[in-house]
1. What is the dipole size for region 46-159, taken about its Cα centre, with +1 at each Lys and Arg Cβ and -1 at each Asp and Glu Cβ, in debye to the nearest 20?
2. Grab the beta carbon distance between ALA197 and GLN49, set R0 = 35 Å, and tell me the FRET efficiency rounded to 0.05.
3. DSSP loop (so not H, G, I, E, B), at most 16 other Cβ within 10 Å: list which chymotrypsin sites (Phe, Trp or Tyr not before Pro) in region 126-234 pass both filters.
4. Using a 1.4 Å probe, what is the accessible area per residue for the chain, in Å²?
5. In debye, nearest 20: dipole of region 152-196 around its Cα centre with unit charges on the Cβ of K, R (+) and D, E (-)?
6. Treat every Asp and Glu Cβ in the chain as -1 and every Lys and Arg Cβ as +1, leave all other atoms uncharged, and give the resulting dipole magnitude about the Cα centre to the nearest 20 debye.
7. What is the diffusion coefficient of region 83-136 in µm²/s, taking the Kirkwood radius over Cα pairs and the Stokes-Einstein relation at 20 °C with a viscosity of 1.002 mPa s?
8. Tell me which of PHE112, ALA38, LEU162 sits at the most positive position along the dipole axis of the chain, charges placed on C-beta atoms (Lys, Arg +1; Asp, Glu -1).
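The values are calculated or read from the model by the stated rules, or taken from the named source; none is laboratory data. This one's a predicted model, so the numbers in the text were calculated from it and none came from an experiment. Here the Cβ is made from the backbone with ideal geometry for all residues, glycine too, and neighbour counts use every protein chain on show. Quick note on the areas: whole protein, heavy atoms, side chains included, nothing else; ligands and nucleic acids left out. Shrake-Rupley method; radii C 1.70, N 1.55, O 1.52, S 1.80 Å.
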Amino acid sequence: MHLIAAVGYQFGCMETTLHRQLKALYAGPEACVEQRIAGYRIDAVRGEQLVEIQHGGLAAIRTKIARLLEDHAVLVVKPLVVRKELVKLKKRGGKEVSRRLSPKQGTLLDLFHELVYFTRVFPHPRLTLQTPLVEIEERRYPGHGRRRRWRQNDHVVEDQRLVAVVGVHEFQTADDLFRLLPAGLPEPFHSGHLAEAMSIRRWVAQRIVYCLRKTGAANTCGKSGNALLYERAA
């Protein structure tokens, strides 16, 4: 597994520093970047593998990836921001006023919120899904004065920059997803068991088991009251 990641993120038509830094790092010296294949723009081509970097939702590239998988091996890189430092600027391109840590921090479990809309594509024999956990710096400036309703915390993101890649997780099969579940779950288990074991809300656990079922990682095997019971797929 390569501890290298790339993030494709654009504001309007402007490519961020983060995207440029990580695309260059990920592609390496031998890959071709910004190629057009099957009518689509591809972030990088490494040998016979196409690399698609998606900072936004996986739903947005679902059709594109399904089409590319008909003839190509594809690596989808879905970065998750686990730490974000907010840098406030006086104005666009201006001096730094302050910086603080964003209270919104992601985790690896956020991947399931994206997979809900990607289960018709993943898993696939030619598809690899890689999830780097990244720390970034986001530079922003006051946004009032633009043509929209003014808010006290209104701002415009000027740029994003990579601080660190703190880990990378790779998924090729449905069973790779099941391995994210904690050990010691009852056999069979329901979403309530999962919520308690992972200290998460019940609706989040329900979303996780939905993804496991749709990808073939788990099967339903009965009910306990109104709750569906699940077991690991053979």
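1. On the way: 24 positive and 14 negative charges, 189 e Å.
In debye, rounded to 20, region 46-159 gives about 900.
2. 0.45
3. Details: sites: TRP150, PHE171, PHE178, PHE189, TRP203, TYR210, TYR230; in loops: TRP150.
Hits after loop and neighbour filter: TRP150.
4. Values: 13010 Å² over 234 residues.
Value for the chain: 56 Å² per residue.
5. Working: 2 positive and 8 negative charges, 23 e Å.
Charge dipole of region 152-196: 100 debye, to the nearest 20.
6. On the way: 37 positive and 24 negative charges, 295 e Å.
For the chain, the charge dipole is close to 1420 debye.
7. Numbers: Rh = 14.3 Å.
Once the numbers are plugged in, D ends up at 150 µm²/s.
8. Value computed over the given set: LEU162.
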